[in-house]
Amino acid sequence: MKDLEKKARAYALKNALSHEGKAQTGSVVSALFNEGLKQEEARRFGKDISKIVREVNSLTLIEQSKEFEQLKSLISERHGREGLPELPGAKKGKVIMRFAPSASGPFHIGHALTGSLSYLFVREYGGKFYVRIEDTNPENIYPKAYGMIEKESKWLFPGKFLKILVQSDRMKIYYDCAEKLLKKEAAYVCTCSPEKFREFAEKQENCPCRKLNVNENRERWKKMLSKGKNAFKEGEAVLRFKSPNGMKDKNPAMRDFPLARINLTRHVRQGKRYRVWPLMNLAVAADDIDVKMTHIIRAKDHRDNAERQRRIYMALGLKSTLPWTGFLGRIHLKDMELSSTKMRKDIEGGKYSGWDDPMLPTIASLKKRGYKPEAFWKFAERIGLSENDKVMDREEFFKLLDDFNRDKKIFK
Ligand SMILES: [Zn+2]
């Protein structure tokens with residue numbers, strides 16, 4: 001325990017010195033994980049670590065550096081850049097991470113800031129970085145987004161380890177995953193109306209479809225996929241996850257959430273080839289399993305989704321391959337419009353000349369205005385793996401981005 005305390009203090013000092021005197025508990029904990037700290041220990045010593053961080057943060061920079069000189073031999077020398085937080089359990093050459101924009105529009109600064117941190121980890125440790133275009137909702141696709149995201153990914157996230165995937169090209173993977181879940185009795189096809197199902201959920205009662213056996217479910221699943229006369233119509237059937245705690249799960253978001261549905265809207269890329277579309281949690285879990293994702297950094301508003309995906313892994317018996325997940329706080333950029341739908345309307349209405357209009361916060365525009373990818377990487381690195389929300393206005397944001405853009409510090 002004494003050793004751990006000392007080590008925690010050394011890391012807190014190191015972290016504080018590279019962040020203007022303010023260490024973050026999360027970074028210290030991550031660093032300790034890399035030193036072999038166990039989850040249970042982290043839970044037990046969590047309070048002590050926070051206390052150490054508070055003590056360190058109350059010191060002046062001079063006091064911090066003096067004390068760090070005495071303790072620095074306790075911490076392992078790490079390679080790579082100063083500033084990027086430690087990534088728990090990362091193995092050299094084997095870090096697989098992703099960034100998953102939706103096909104509803106091209107990249108804007110929000111994408112650049114969230115995607116860059118994962119990119120930097122893969123760049124530092126080596127491995128694969130997937131940009132996965134999420135387009136399994138046929139109703140929410142901007143056709144030009146595919147080309148723009150691909151082009152901008154190559155600019156923003158350069159390197160041989162960059163791979164671009166389009167979800168709708170990978171439907172077999174989602175169907176296979178759905179069928180595995182059905183076989184393991186971890187999913188069922190529900191034909192209750194949404195209103196009826198909501199009533200069951202509120203009363204915490206099971207819907208009658210929940211007790212169907214494997215064969216009955218297989219029949220229903222076929223009727224979802226089938227294009228024949230007996231097929232289910234749009235809205236008539238949904239594939240649901242069979243939550244282990246059933247409809248009494250403490251978290252209502254876990255109560256037999258939907259995995260796939262029928263949507264007959266013509267898909268921009270796939271036309272009429274598919275009628276059953278996976279919903280986000282099925283598609284994401286199936287993809288992460290398929291590419292053997294090792295680490296995920298995502299917005300903290302996706303915490304429930306992360307838990308749903310974890311349960312899919314568990315139901316498939318894949319506990320040992322669960323990726324490490326870190327959460328990022330929300331960056332709220334005041335007076336900046338980041339909705340692609342809104343931007344698109346304004347472009348079509350003639351308010352802006354195109355996606356690269358200098359007034360727009362898109363990557364196409366910022367690239368044209370002379371910003372380099374490194375400016376976004378540095379920005380993301382500065383924010384780090386923090387769950388705190390940040391509010392910034394346009395002026396503040398661009399002041400920082402301009403500083404980073406001029407900064408000569410080079411990425412290896
Ligand atoms: Zn039902």
Please name whichever of Ile297, Ser168, Pro85 sits farthest to the positive end of the charge dipole of the chain, dipole taken about the Cα centre and charges placed at Cβ: Lys and Arg +1, Asp and Glu -1.
Ser168
Per residue, how much accessible area does the chain have with a 1.4 Å probe, in Å²?
51 Å²
The extension gain from Arg330 to Glu185, computed as 0.36 nm times the residue separation minus the Cα-Cα distance, is 48.5 nm
Please report the relative contact order for the stretch 306-412, taking Cα pairs under 8 Å with a sequence separation of at least 6, and give it as a percent rounded to a whole number.
34 percent
Looking at the square roots a ≥ b ≥ c of the eigenvalues of the Cα gyration tensor of the stretch 245-334, which shape do they give, rounded for a/c under 1.5, prolate if a/b is larger than b/c, or oblate?
rounded
Using only the Cα atoms of the chain, build the gyration tensor, take square roots of its eigenvalues as a ≥ b ≥ c, and label the shape rounded, prolate or oblate: rounded if a/c is under 1.5, else prolate if a/b is larger than b/c, else oblate.
oblate
Cβ charges +1 (Lys, Arg) and -1 (Asp, Glu), total dipole of the stretch 1-131, debye
380 debye
Specify which residue in the list Ala237, His19, Tyr352 is farthest towards the positive end of the charge dipole of the chain, using unit charges on the beta carbon of Lys, Arg (+1) and Asp, Glu (-1), about the Cα centre.
Ala237
If packing is taken as the average count of other Cβ atoms within 10 Å, what order do 323-333, 195-205 fall into, highest mean first?
323-333, 195-205
Put +1 on the Cβ of every Lys and Arg and -1 on every Asp and Glu Cβ in the chain; which of Phe68, Ala364, Ala260 then has its Cα farthest towards the positive end of the dipole?
Ala260
Could you state the angle between the C-alpha long axis of helix 194-203 and the longest principal axis of the C-alpha atoms of the chain, as a value from 0 to 90 degrees rounded to the nearest 10?
60 degrees
For His108, enumerate residues with amide H under 5 Å from its amide H, sequence gap 5+ or separate chain, H modeled in the peptide plane.
Ile363
Please compute the contact order of the stretch 13-127 in relative form: average sequence separation of alpha-carbon pairs under 8 Å and at least six residues apart, divided by the residue count, as a percent.
30 percent
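With every protein chain kept in the model, how would you rank Ser340, Ser193 by accessible area, 1.4 Å probe, largest at the top? Walk me through the intermediate numbers first.
Numbers: Ser340 20, Ser193 50 Å².
Sorted descending by solvent-accessible area, the residues read Ser193, Ser340.
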Helix 394-406 sits off the longest principal axis of the Cα atoms of the chain, rounded to the nearest 10 on a 0 to 90 degree scale, by 60 degrees
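How large is the helix-only mean residue ellipticity at 222 nm for the chain, computed as the sum of -39500 (n - 2.57) over DSSP H runs with n ≥ 4, divided by its residue count, in deg cm²/dmol to the nearest 500?
On the way: 15 runs with 184 residues, N = 412.
Per the formula, -14000 deg cm²/dmol.
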From the Cα gyration tensor of the stretch 184-250, with a ≥ b ≥ c the square roots of its eigenvalues, which class applies: rounded if a/c is under 1.5, or else prolate if a/b is larger than b/c, or else oblate?
oblate
Carbon plus sulfur, as percent of the 1.4 Å-probe accessible area of the stretch 131-247, comes to 49 percent
Non-local amide H neighbours of Thr325 (under 5 Å, H modeled in plane, Pro and chain starts lacking H): which ones?
Ile296
Would you mind checking Lys172/Lys211; Lys38/Lys242; Lys38/Lys184; Lys180/Lys223; Lys144/Lys222; Lys2/Lys72 for any pair whose Cα atoms are more than 23 angstrom apart?
Lys172/Lys211; Lys38/Lys242; Lys38/Lys184; Lys144/Lys222
State to the nearest 20 debye the size of the charge dipole of the chain about its Cα centre, where the only charges are +1 on K and R beta carbons and -1 on D and E beta carbons.
1380 debye
0 to 90° range, to nearest 10: angle between helix 145-156 axis and the chain longest Cα axis:
20 degrees
Counting only residues 5 or more apart in sequence or on a different chain, those whose built amide H sits under 5 Å from that of His332 are Lys390, Val391, Met392
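When the dipole is taken about the Cα centre of the stretch 66-165, and only Lys, Arg (+1) and Asp, Glu (-1) are charged at their Cβ, what size is it in debye, to the nearest 20?
Rounded to the nearest 20 debye, it is 440 debye.
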I need the calculated FRET efficiency for the pair Glu202 and Arg273, taking r as the beta carbon distance and R₀ as 30 Å, to the nearest 0.05.
0.20
Given a 1.4 Å probe and heavy atoms of the protein chains only, how would you sort Asp346, Asp249, largest accessible area at the top?
Asp346, Asp249
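Taking the highest mean first, how do the peptides 154-165, 385-396, 255-266 order by number of other beta carbon atoms within 10 angstrom per residue?
In decreasing order of mean packing, 154-165, 385-396, 255-266 become 255-266, 154-165, 385-396.
Give me the percent of DSSP beta bridges within the chain that run antiparallel, rounded to the nearest 5. Walk me through the numbers on the way to the answer.
Details: 12 of 31 bridges.
Counting only bridges with both partners in the chain, antiparallel ones make up about 40 percent.
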R0 of 51 Å, Cβ-Cβ distance Asp304-Lys6: FRET efficiency to nearest 0.05
0.85
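The values are calculated or read from the model by the stated rules, or taken from the named source; none is laboratory data. All of these numbers come straight from a predicted model, not from anything done at the bench. So basically every Cβ, Gly included, is an ideal-geometry build from the backbone, and we count neighbours across all protein chains shown. We work out accessible area using only protein heavy atoms, side chains counted, and drop any ligands, DNA or RNA first. Shrake-Rupley method; radii C 1.70, N 1.55, O 1.52, S 1.80 Å.
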